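Here, each number is a calculation from the coordinates, and none is a lab measurement. Since the structure is predicted, the reported quantities are computational estimates derived from the model, not experimental observations. Glycine gets a Cβ as well: all are built from the backbone with ideal geometry, and neighbour counts include every protein chain shown.
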Amino acid sequence: MKNKTIAESPLLTFNEACAYLRVSRSSLYRLINSGHLTPVRVVGRRPLFPKNTLDEMISRLTHGGSLHVR
């Protein structure tokens, strides 16, 4: 079985989401706690992030949107 790259996978782990967004773990936790991102839990307790949700957030930010995260 071939390992999928981040670009091919529809769901990303916490660490993959950090790498994909190029943010630190603490920044991703802030995005979750502020309600800007909501992980799904498909398998057990491990949070997974739909890649299309991350892409939508990136698109909003690159088209004049902003995030207010503390």
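Taking amide H positions as placed 1.01 Å from N in the peptide plane, with prolines and chain starts having none, which residues 5 or more places from LEU12, or on another chain, fall under 5 Å of its amide H?
PHE49, LYS51
Could you give the length gained by full extension between SER9 and SER26, i.e. 0.36 nm per residue of separation minus their alpha carbon distance, to one decimal place?
That works out to 3.8 nm of additional length.
Lys and Arg at +1, Asp and Glu at -1: add these up for the other residues within a Cβ distance under 11 Å of ILE58 and post the number.
Here the charged neighbours net out to +1.
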